[in-house]
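K.L.:
I have a structure I would like to understand better, so I am pasting it below and will then ask my questions one at a time.
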Amino acid sequence: MQQPQRESRFSKEEVTYEYKKNIGYFILKRIIDILGALCGLLVISPVMIIVAIWIKIDSKGPVFFAQNRVGRNGKKFVMYKFRSMCTDAEVLLGKLKKENEMSGPMFKMKDDPRITKVGKFVRKTSIDELPQLFNILKGDMSLVGPRPSLPKEVVQFTSFQKRRLVAKPGLTCYWQVNGRSDVSFEQWMKMDVEYIEDRNTWLDITLIFKTVGVLFGDEGAR
């Protein structure tokens, strides 16, 4: 039997109050985001250059993939990733809908034929997400927060699931360090809401270090 969802303590009217009450946390979080993104780009820039060249050699198309996502309070922004699929991936998606292995509005498939050879590697290691460090510097994302969803997914969310939109989306969160694609959609959404209700500086730092620990493990990655 499915576990009942924990009711969120946040409502739209409470978001502004919650921000003001914890303004110290949000200021420190932004400082950590900027310093973390800058340090990350400095350290991994050689890896990003190698991956960019590898993608260009492996298949036709751009190195980077840009896509509209939904951010904090429903604001849309352009999210960046290393391209891990063929250029006509969106066209082919319609033919693969019946192969979806994820419950809910999101699409996940273990052996997705749209993924390139390089794409399989960068997805398993989460290297494809590294360009989002630029999104963090721009202020669209945070190091820690719910993963940003597609607009077509958000319109199918329940009122409970939309609670995750009160937080700025992030590179990592509970879902990222707890199985990823092996977690059901409903449990994923519940994890995001729980993070929002539990978040603090120590939790964010803990999740960052846990993410580094699982970065090169392929368990649950697709």
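K.L.:
Ordering Tyr80, Tyr195 from largest to smallest accessible area (1.4 angstrom probe), what's the sequence? Please report the intermediate quantities before stating the final value.
P.N.:
Values: Tyr80 70, Tyr195 0 Å².
Most to least solvent-accessible, the answer reads Tyr80, Tyr195.
K.L.:
Further question on the same structure: Would you kindly find the accessible area of Trp54, with a 1.4 Å probe and non-protein molecules such as ligands, DNA and RNA excluded, rounding to the nearest 10 Å²?
P.N.:
The accessible area comes out at roughly 110 Å².
K.L.:
Leaving out ligands, DNA and RNA but keeping every protein chain, what accessible area does Phe77 have, in Å² rounded to the nearest 10, with a 1.4 Å probe?
P.N.:
About 20 Å², ignoring ligands and nucleic acids.
K.L.:
Next question. Between rounded, prolate and oblate, where does the range 36-96 land on the alpha carbon gyration tensor, with a ≥ b ≥ c its root eigenvalues, rounded for a/c under 1.5, else prolate if a/b exceeds b/c? List each step's numbers first, then the result.
P.N.:
Values: a/c = 3.43, a/b = 1.10, b/c = 3.13.
It is oblate, given that a/c is not under 1.5 and a/b is not larger than b/c.
K.L.:
Using only the heavy atoms of the protein chains and a 1.4 Å probe, how would Leu38, Leu96 rank by accessible area, largest first? Spell out each step's value before the answer.
P.N.:
Details: Leu38 90, Leu96 25 Å².
Heavy-atom accessible area, descending, gives Leu38, Leu96.
K.L.:
Something else about it: Between Lys210 and Phe26, what length in nm is gained on full extension when 0.36 nm per residue of separation is reduced by their alpha carbon distance?
P.N.:
64.1 nm
K.L.:
On the full set of protein chains, 1.4 Å probe, figure out the accessible area of Phe134 and give it in Å² to the nearest 10.
P.N.:
Result for Phe134: roughly 90 Å² accessible.
K.L.:
Nearest 0.05, what FRET efficiency do Phe160 and Phe64 give at R0 = 35 Å with Cβ-Cβ as r?
P.N.:
Details: r = 34 Å, r/R0 = 0.96.
The calculated FRET efficiency here is 0.55.
K.L.:
Can I ask one more? Stretch Val47-Asp198 to full length: gain in nm at 0.36 nm per residue minus the Cα-Cα span?
P.N.:
Numbers: separation 151, 0.36 × 151 = 54.36 nm, distance 3.37 nm.
Going from the current span to full extension adds 51.0 nm.
K.L.:
Which FRET efficiency value, to the nearest 0.05, do you get for Lys108 and Ile34 by plugging their Cβ-Cβ distance into 1/(1 + (r/R0)^6) with R0 = 22 Å?
P.N.:
Numbers: r = 32 Å, r/R0 = 1.44.
Result of the calculation: an efficiency of 0.10.
The values are calculated or read from the model by the stated rules, or taken from the named source; none is laboratory data. What you see is a predicted model, and the numbers here were worked out from it, not measured in a lab. Methodologically, a virtual Cβ is constructed for each residue, glycine included, from the backbone with ideal geometry; neighbour enumeration extends over all protein chains shown. SASA here: full protein model, heavy atoms, side chains in, ligands and nucleic acids out. Shrake-Rupley method; radii C 1.70, N 1.55, O 1.52, S 1.80 Å.
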